[in-house]
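The values are calculated or read from the model by the stated rules, or taken from the named source; none is laboratory data. Since this is a predicted model, take the numbers as computed values, not measurements. FYI the Cβ positions are ideal-geometry reconstructions off the backbone, even for glycines, and counts take in every protein chain you see.
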Amino acid sequence: MDSDYLNALFSLKGKVALVTGGHRGIGKMIADALVKAGCKVYVASRTAGVQLDDRHSLTCDLASAESLQALVDDMMGLEQQLHILVNNAGYFSASILEQASPGEWGKVMDINLRAPFFLVQGLLPLLQRAATGENPARVINLGSIGGVMGPSNMAHAYGASKAGIHQLTRNLAADLAPRHITVNAIMPGYFPSDMTDGFFSAQPGLKEIILARIPRGRLGSAEDVGGLAIALCARSGAYITGTVTPLDGGVLLN
């Protein structure tokens, strides 16, 4: 095995990344993977800013335009370059059609769709400073299979917001490719998280039903999403842009 070749393709040593919503769930899985690949990682969430082992915590409520701008200002003051931006933070809301409220729709759209766009806009100077023709800066957006599936599961706003982030990924990829910035989306299926744990606890037997729908026969793992994130962010992914990659164990094949 040629370890030098593998390092050249997949090492992130010396890179700087920002992962929103990176304290738990898929965001934490991605942040952990980037750290292990050698990246300096900032994690932004509503949790108070503290040092977390080998990553740095920043406080931000992405539902607030003022808080989002404060995060941009913080990053501008902390770093001269940003090689990787992972727009992972999300908000889930579900209700029967008759009970859906404008306030909940607005919150879902603000966090899941508006915030990723304006973070890219605000952090563009840092991304451009990190970008080169051979090794571009990277943006990864977190979509969802809920953005392409027909059944709503009563999450109308959530599904619409994720469909929107898939299209926004393509639009930004086309706009930013000439600036040496790639933009891709990961479209997860069922992964362990506080949300899925809550569903499984509230509805006995639901986990078995979900697993039966997954051709691979299991939930996604940290290695699954972390490995894909590394591949997209390292030299291995320098020629990939505008993709929306299902990471669902085959659910969408059904």
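Please go through (1) under 16 Å from the mean Cα position of the chain (by Cα); (2) surrounded by fewer than 16 Cβ atoms within 10 Å (Cβ to Cβ); (3) at pLDDT below 95 for TYR158 and return the number of the only condition it doesn't satisfy.
Every listed condition holds for TYR158 apart from (2).
State yes or no: is GLY14 buried (at least 24 other Cβ atoms within 10 Å of the Cβ) and not in a strand (DSSP E or B)? Steps first, please.
Details: buried (at least 24 other Cβ atoms within 10 Å of the Cβ): no; not in a strand (DSSP E or B): yes.
No, not satisfied.
Looking at segment 123-146, which of the residues that are outside any strand (DSSP E or B) and in contact with a Leu (Cβ under 7 Å, 6 or more places away or on another chain) is surrounded by the fewest Cβ atoms within 10 Å (Cβ to Cβ)? I'd like the intermediate steps shown before the answer.
Of the residues in segment 123-146, the ones outside any strand (DSSP E or B) are 123-136, 143-146.
From what is left, the residues that are in contact with a Leu (Cβ under 7 Å, 6 or more places away or on another chain) are 123, 126-127, 130, 145.
Values: LEU123: 20, LEU126: 22, LEU127: 23, ALA130: 21, ILE145: 17.
Per the criteria, the residue is ILE145.
Does segment 166-193 hold any residues that are surrounded by 19 or more Cβ atoms within 10 Å (Cβ to Cβ) and more than 30 Å from THR132 (Cβ to Cβ), and which are they?
Passing the criteria: GLY189, TYR190, PHE191, SER193.
Can you confirm whether segment 225-236 contains a residue that is within 18 Å of the chain's Cα centre (by Cα), among the polar types (S, T, N, Q) and closer than 25 Å to PHE10 by Cβ? Outline the logic, then answer.
The first filter runs over segment 225-236 and keeps only residues within 18 Å of the chain's Cα centre (by Cα), leaving 225-234.
From the residues that got through so far, the ones that are among the polar types (S, T, N, Q) too are none.
Looking for residues that are within 18 Å of the chain's Cα centre (by Cα), among the polar types (S, T, N, Q) and closer than 25 Å to PHE10 by Cβ, one finds none in segment 225-236, hence no.
May I ask you to verify whether ALA163 is free of Cβ contacts under 8 Å to residues at least 24 places away in the same chain, touching a helix residue (DSSP H, G or I) at 6+ places or on another chain (Cβ under 6 Å) and either surrounded by 16 or more Cβ atoms within 10 Å (Cβ to Cβ) or aromatic (Phe, Trp, Tyr) (or both)?
Numbers: free of Cβ contacts under 8 Å to residues at least 24 places away in the same chain: yes; touching a helix residue (DSSP H, G or I) at 6+ places or on another chain (Cβ under 6 Å): yes; either surrounded by 16 or more Cβ atoms within 10 Å (Cβ to Cβ) or aromatic (Phe, Trp, Tyr) (or both): yes.
Against the criterion (free of Cβ contacts under 8 Å to residues at least 24 places away in the same chain, touching a helix residue (DSSP H, G or I) at 6+ places or on another chain (Cβ under 6 Å) and either surrounded by 16 or more Cβ atoms within 10 Å (Cβ to Cβ) or aromatic (Phe, Trp, Tyr) (or both)), ALA163 qualifies.
Looking at segment 34-41, is at least one residue part of a loop (DSSP other than H, G, I, E, B) and surrounded by fewer than 21 Cβ atoms within 10 Å (Cβ to Cβ)? Don't jump to the end; show me each part of the working.
Quick first cut of segment 34-41, residues part of a loop (DSSP other than H, G, I, E, B) only: 37-39.
After this cut, where a residue has to be surrounded by fewer than 21 Cβ atoms within 10 Å (Cβ to Cβ) as well, the list is 38.
Within segment 34-41, one or more residues are part of a loop (DSSP other than H, G, I, E, B) and surrounded by fewer than 21 Cβ atoms within 10 Å (Cβ to Cβ).
Being surrounded by 15 or more Cβ atoms within 10 Å (Cβ to Cβ), assigned to a helix (DSSP H, G or I) and without any contact (Cβ under 8 Å) to a residue 60 or more places away in the chain is true for just one of LEU71, LEU6. Which residue is that?
Going through LEU71, LEU6 in turn, just one is surrounded by 15 or more Cβ atoms within 10 Å (Cβ to Cβ), assigned to a helix (DSSP H, G or I) and without any contact (Cβ under 8 Å) to a residue 60 or more places away in the chain: LEU71.
Check whether at least one residue in segment 220-230 is more than 29 Å from LEU172 (Cβ to Cβ) and either out of contact with any Pro (no Cβ under 8 Å at 6 or more places or on another chain) or not polar (S, T, N, Q) (or both), and report yes or no.
Of segment 220-230, the ones more than 29 Å from LEU172 (Cβ to Cβ) are none.
No, segment 220-230 contains no residue that is more than 29 Å from LEU172 (Cβ to Cβ) and either out of contact with any Pro (no Cβ under 8 Å at 6 or more places or on another chain) or not polar (S, T, N, Q) (or both).
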